[in-house]
Amino acid sequence: MPIERWSTSQVLALAPDASSSRAAQGVSAPARWEVVGLDGDVLWGLCRGSGRLPYQACVDLTEPAYRCSCPSRKFPCKHALGLMLMWATGSVPDAAAPDWVEEWRASRAARAARTPATPAAPRGSADPEAARKRAEQRADRIAAGLDELDRWLTDQVTHGLAGAERSGYGPYEAVAARLVDAQAPGAANAVRRLGRIAGVGQHWPDRLLGELAQLRLLVAAYARVDELPAPLAATVRSRVGIPVPTDEVLAGQRVRDRWYVLGQVDLADERLATRRTLLHGEESGRFALLLTFAPIGQAFSVEAVPGTIVDADLCWYPGNFPMRALVAERYGTSQPEGPPAGAISVAAALAGWSAAVAAEPWCESVPMLLGGVTLSDDRHVVDLAGDALPLSAGHDEPWWLLAASGGRPVTLAGEYGPGGFRPLAAWPNGRFVPAPLGPTGDRRGPQLPPDLLSAALVGTERRPYAGGAVGGVLLDGKGPAGLLEGASVALVYARAGVTPVPDRQPIEQAPEETSPQVPVAAAHRLARLLSDGGVPGGTEVALGLLDDWLAHAADLGYRVPPELLPALLDAGRRRIAMRPALASTGAAARAGSRPAEPSGATC
C-alpha cells in the first residue's frame, strides 16, 4: 500500500540547509524532469541538469532513503527534495520503476536481510581488568577536574562578579579546556555558556550567578554520586559528560507506540550541529527526544519527519527525568489524519514542568502539547480556562499561527523553559502547520533574591554572606560556597514554582471563510513564488509572476492558504506595484492593524 502523501512543509523539513530548500523548489517544476513516477513507496525520476545525461533520482518514502547520480555532497540533494515536492503536490503519476531503480531497491533489501556478523564485543570486554583501570583513571581525572572547577567557582563569588563584564570570553574558555582534558565535556560546555552570558543583556548578573550556582550543584552531586539513587546518579553523570554506550541503552526496556513527530529544532556551535526531534506517544502519552549530530556543513541523517507518525520501539537513556531516546526498531511510517492525542491545559503542562525541575534541577526545557489554545494581544498563548504562558523572545510575534488558526483554539506543540514557550507546530482544523525556524531569545527577568545577587556582585570578601531563607527554608551555608548553594536553591525554587499567567483574554476570532482554498498544486506554486530563490530568474521575475497568480486566483474566486498570508502581505509591503492585485483579492483590505484579521484574507 503506497505511503500517504506528505505536505510540502514536511518535505522541506528534510532539507540540510536553507540553500538546499530554495534549490529544491527551483527543480520541483515538472518541466525540469524528463519523466517521474511512483512505484509503490518509491519515487523516481530523471532530472535535466547541466550535463548531457539527466540525473537519476529516487526516494524510498518509508524511511526515507535517497539516491541521486548528481555530484552533490548534500544529503538529500536538491533533486531528491524536488522530486518529493512534486509528489507532495500530486504531480507524480503511478508508473513502474525502471531497472536502475529496481537495482537500488534490491541492493537495499539485500543489505537489510543480510545477517549481521557477530557483534563486536564492547570495548574492553576482552580484558575486564584493563577496562576497570581505564574507568578508574577517567573517574580520577574527572574528580580532579571538578575539584579545580569548584575552586574556580568559589573564586568568582569571592572576588565578585562585577568585573566579569570586562573579562571577555577567554577565562571561561581556559577553564572549559581544562575540563575537556579532564574528560568532563558536559561540564566544559556549561562553562563555555558562561562566557556567552557575562555582560550580555539587562539581567546578565542574575543569569550568570544562576549558572554558576547550578554548576556548583553539579560538582557537589558528582562528589557523592555513588550515594545517589541510580536514576539521579545517571543524570549527574550525563550532565558531567560521561557517555552511556548505545548498546546499553538499547538493552533497556522498549516502549512500542505510534509516535507523532511534533517538530524539530536545529542548533549549532563552532564544531557541531545538533538536531532535536520531539515525539509524543499516541497510547503511552510519553514524550521522547531524538538527538542527531552532524559536522558543520553536512546534512543530518533522517530519523523522523515532522508531521508524520512513526510506529517504533524506543529505548530511553537512564536518568531521573528520562527524555532522550533511541529508535530500537522501526515498523513503519504513516500520515496522521488529525492532531496528536493527549493535549492538556496550560496548568497541567506547568505542573509537568515543575515535576521535571524537581526531578532534575538542571532541566532547561520540557516539551508541551497544549490543547485549545489561542493567542493573546500581549505575546502569550492562552487556553480555554484563561491560563496563559509567555512566548519566548524570537517567537513572540507568531503571525504564522495567527494566520493559520484565525484566532480559533488549536492544538499547539512546543518547548517551555525559563525563557518562555517556543512553538514548534500547530494543528488548525487538524492540519499540521510547522512553526518557522528561528533563534530563541531570552528576556527573562531576575530570578534570584537581591541580597544574594548584591553579595555576589561585590564579592564575599567585601560583603560576607551568612545565609538566609528561601521559601521558608533556612539556608545556613556561609561564605562563597554557601552563597552558591543558596543561589542554587533559590533558582530551582523560582523555576519550579512557576504558575500560569492568569486572566489573559484571547484575541477576537476572524470570520469564517466563505470562498474555497486554492488547489494544492496552486498553493505550492504560490509558496515557490514567495520563497527566496525558489523561482529561476530572481526576485523580480518571481514578483511579476506573483501579480499574475493573484489576479488569476481572484478571477476564480479562490483564497490563499492561510499560513502563506504573512509572507504574501510582506511581499505586498515591499512592492508597491503588487498592491492593486493584492487588494483586488481582499487580502490587504482585511489585514488592517488588528492582529486577528490577516487570517480572514481571501484570494
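Some observations on this one:
- Stokes-Einstein diffusion of segment 59-209 at 37 °C, 0.692 mPa s viscosity, Kirkwood radius from Cα pairs, rounded to a whole number: 152 µm²/s.
- Distance from segment 308-367 to segment 548-576 (C-alpha centre basis), Å: 38
- Diffusion coefficient of segment 254-409 by Stokes-Einstein, Kirkwood radius over Cα pairs, 10 °C, 1.306 mPa s: 93 µm²/s.
- In segment 377-426, the C-alpha radius of gyration followed by the widest Cα-Cα span (Dmax) gives 10.2, 28 angstrom.
- Nitroxide proxy distance, nm - points 7 Å out along Cα→Cβ at H159 and D378: 4.3
- For segment 316-404, taking the reciprocal of the average inverse distance between every pair of different Cα atoms yields a Kirkwood hydrodynamic radius of 15.6 Å.
- Only helices enter the 222 nm calculation for the chain: every DSSP H run of n ≥ 4 contributes -39,500 (n - 2.57), and dividing by all residues gives -12000 deg cm²/dmol, rounded to 500.
- Shape category assigned to segment 469-513 from the gyration tensor of Cα positions, a/c cut at 1.5: prolate
- Sorting the segments 396-405, 80-89, 209-218 by their mean number of nearby beta carbons within 10 angstrom, highest to lowest, gives 80-89, 209-218, 396-405.
- Model label sites at R254 and V180, defined 7 Å from Cα along the beta-carbon direction, differ in position by 3.8 nm.
- Rounded to 10°, Cα long-axis angle of helix 170-181 versus longest principal axis of the chain: 90
- The chain: angle of helix 565-574 to the longest principal axis, Cα-based, in degrees nearest 10: 80
- Accessible-area value, L375, 1.4 Å probe, nucleic acids and ligands omitted, Å²: 20
- Inverse mean reciprocal Cα-Cα distance (Kirkwood Rh) of segment 251-314, Å: 12.6
- Trypsin sites (Lys or Arg not before Pro) restricted to DSSP loop in segment 456-513 with at most 13 other C-beta within 10 Å: R462
- Shape call, segment 445-487: gyration tensor on alpha carbons, a/c limit 1.5: oblate
- The D94 and W204 beta-carbon pair, evaluated with R₀ = 45 Å, returns a calculated FRET efficiency of approximately 0.15.
- About the Cα centre, charge dipole magnitude for segment 231-382 (Lys/Arg +1, Asp/Glu -1 at Cβ), debye: 240
- Coil-residue trypsin sites (Lys or Arg not before Pro) of segment 19-56, DSSP, other Cβ within 10 Å capped at 11: R52
- FRET efficiency, Q137 to A106 (Cβ-Cβ, R0 51 Å, nearest 0.05): 0.55
- Equivalent ellipsoid dimensions for segment 423-552 as semi-axes, Å, which come from the Cα gyration tensor, largest first: 57, 21, 11
- Averaging over all projection directions, the Cα-based convex hull of segment 120-198 occupies 6.1 nm² in the image plane.
- Take the Cβ atoms of A355 and S515, set R0 to 60 Å, and the FRET efficiency comes out at 0.80.
- Cα gyration tensor shape of the chain, rounded if a/c is under 1.5, else prolate or oblate by comparing a/b with b/c: oblate
- Highest mean first, the peptides 430-437, 105-112 sorted by other C-beta atoms within 10 Å per residue fall in the order 430-437, 105-112.
- Seen against the Cα atoms of the chain and their longest principal axis, helix 539-556 is set at about 60 degrees.
- Accessible area in the full protein assembly, largest first, 1.4 Å probe, for H159, H395, H203: H159, H203, H395
- With the cut-off at under 15 Å, measuring from each backbone N in segment 86-112 to a point 7 Å along the Cα-to-Cβ line of V35 picks out 93-103.
- Reciprocal mean inverse distance between Cα atoms of segment 346-449 - Kirkwood radius, Å: 14.0
- Simple Cβ-charge dipole of the chain, Lys/Arg +1 and Asp/Glu -1, about Cα centre, in debye nearest 20: 1060
- Mean Cβ count within 10 Å, highest first, over the residues of peptides 467-473, 560-566, 285-291: 560-566, 285-291, 467-473
The values are calculated or read from the model by the stated rules, or taken from the named source; none is laboratory data. If you're wondering where the values come from, they're calculated on a predicted model, not measured in any experiment. For neighbour counting, all protein chains shown are included, and Cβ atoms are generated from backbone atoms with ideal geometry for every residue, glycine included. In case anyone asks, the SASA skips ligands and DNA or RNA and just uses the protein heavy atoms, side chains included. Shrake-Rupley method; radii C 1.70, N 1.55, O 1.52, S 1.80 Å.
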